[in-house]
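Heads up, the thing below is written out as structure tokens.
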């Protein structure tokens, strides 16, 4: 019986690193120097979720049925 130990010559890449190495390489300067898109976050006005007024509170009554 042979008791020799076999070690791996190098470690396997993890999934994210392996997938990134399979992606196409950027060769055009327009792709290499491309900046991420700028989104206009402040141009969208969100509606007010609550309105504050001076009227007295009215209780909500659950309809019977």
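The values are calculated or read from the model by the stated rules, or taken from the named source; none is laboratory data. Bear in mind the structure is a predicted one, so any value in this text is a computation, not a measurement. Don't worry about glycine lacking a Cβ; one is built from the backbone with ideal geometry, like all the others, and counts go over all protein chains shown.
Can you name the number of the only condition in (1) loosely packed, with under 10 Cβ neighbours inside 10 Å; (2) within 23 Å of the chain's Cα centre (by Cα); (3) not in a loop (DSSP other than H, G, I, E, B) that residue 19 fails?
The single condition residue 19 does not satisfy is (1).
Do we have residue 52 as modelled with pLDDT of 85 or more and more than 20 Å from the chain's Cα centre (by Cα) here? Steps first, please.
Numbers: modelled with pLDDT of 85 or more: no; more than 20 Å from the chain's Cα centre (by Cα): yes.
The answer is no for residue 52.
Among the residues of segment 46-64, is any surrounded by 10 or more Cβ atoms within 10 Å (Cβ to Cβ) and either free of Cβ contacts under 8 Å to residues at least 60 places away in the same chain or outside any helix (DSSP H, G or I) (or both)? Let's see the steps before the verdict.
Of the residues in segment 46-64, the ones surrounded by 10 or more Cβ atoms within 10 Å (Cβ to Cβ) are none.
No: segment 46-64 contains no residue that is surrounded by 10 or more Cβ atoms within 10 Å (Cβ to Cβ) and either free of Cβ contacts under 8 Å to residues at least 60 places away in the same chain or outside any helix (DSSP H, G or I) (or both).
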